[in-house]
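Report on the following structure.
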């Protein structure tokens, strides 16, 4: 009798596990249906062209939102709506349910991959620095900034560039958090920082808009890796992420993906040359 009781207990636990897994799956699958009924997906972006941009009339564009808009449309979600967020606040906001997905050049890193579920790669880029013409301090790397005890560098709060500078040994008080690209250019022009760091495409876009011959781009930053982002979803939304990946793969194969991102200066081949698994495992 005791043995039968144990077996019954094991069977009950197994059944409970199956039911729990079934309930998780149902909750997971319901996310896409929720977005269809809602009529739009809520995106977190950074307003950092050409990754993301918000026009004066509120229209959301940029390579990442344009890809997301097309994929969600194919999934039956009519449109996207975006909220501008600092990079450091994006994952907490996603986890808290304030966004449905992050499409903002949020590069894949092991620690981020542990916190969210990424799609396959969408946008890839390298790092750059904006300095005054002639590069008076001779910066080629973040380590160069660290070695110059008077040098300061601007970077987005919570972003990859801030972390790269800190990891290279630049003291916290010499890494200046900059709220947006225009502020970074102005701070550099005014001499409040000695360099401003962003991905190559973002820096080039800022330089084009600034139209200031006294600025110079250093790219790529020596020793800094090439990164790729993906659409980031909340853990528990794996079914939505998987559906997103299916449509993304179709677009990559058909060439439609390239048609969306390459006019912004991104390489479709770069995004297709790697994978989420490789990027999330990279040190």
Of (1) surrounded by 16 or more Cβ atoms within 10 Å (Cβ to Cβ); (2) in contact (Cβ under 8 Å) with a residue 24 or more places away in the chain, residue 157 fails just (1)
Check off (1) under 28 Å from residue 67 (Cα atoms); (2) outside the structural domain of residue 270 (by TED's automatic domain parsing) for residue 234 and give me the number that stays unchecked. (2)
Exactly one of these conditions fails for residue 197: (1) surrounded by 13 or more Cβ atoms within 10 Å (Cβ to Cβ); (2) without any contact (Cβ under 8 Å) to a residue 12 or more places away in the chain. Give me its number. (2)
Conditions (1) modelled with pLDDT of 95 or more; (2) surrounded by 15 or more Cβ atoms within 10 Å (Cβ to Cβ) -> residue 221 fails only (1)
Would you list the helices (runs of 4 or more DSSP H) that sit entirely within segment 99-212 and hold 2 or more residues that are farther than 30 Å from residue 40 by Cβ and within 20 Å of the chain's Cα centre (by Cα)? 160-167, 200-210
Can you say whether residue 81 is under 20 Å from the mean Cα position of the chain (by Cα), outside the structural domain of residue 160 (by TED's automatic domain parsing) and either at pLDDT below 95 or exposed (fewer than 15 other Cβ atoms within 10 Å of the Cβ) (or both), as far as the supplied structure shows? yes
Just give me the residues in segment 222-244 being closer than 13 Å to residue 127 by Cβ and assigned to a loop (DSSP other than H, G, I, E, B), in sequence order. 222, 223, 224, 225, 226
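The values are calculated or read from the model by the stated rules, or taken from the named source; none is laboratory data. Computed from a predicted model, the values in this text were never measured in an experiment. Positions of Cβ are generated from backbone atoms using ideal geometry, with glycine treated the same way; all protein chains shown enter the neighbour counts.
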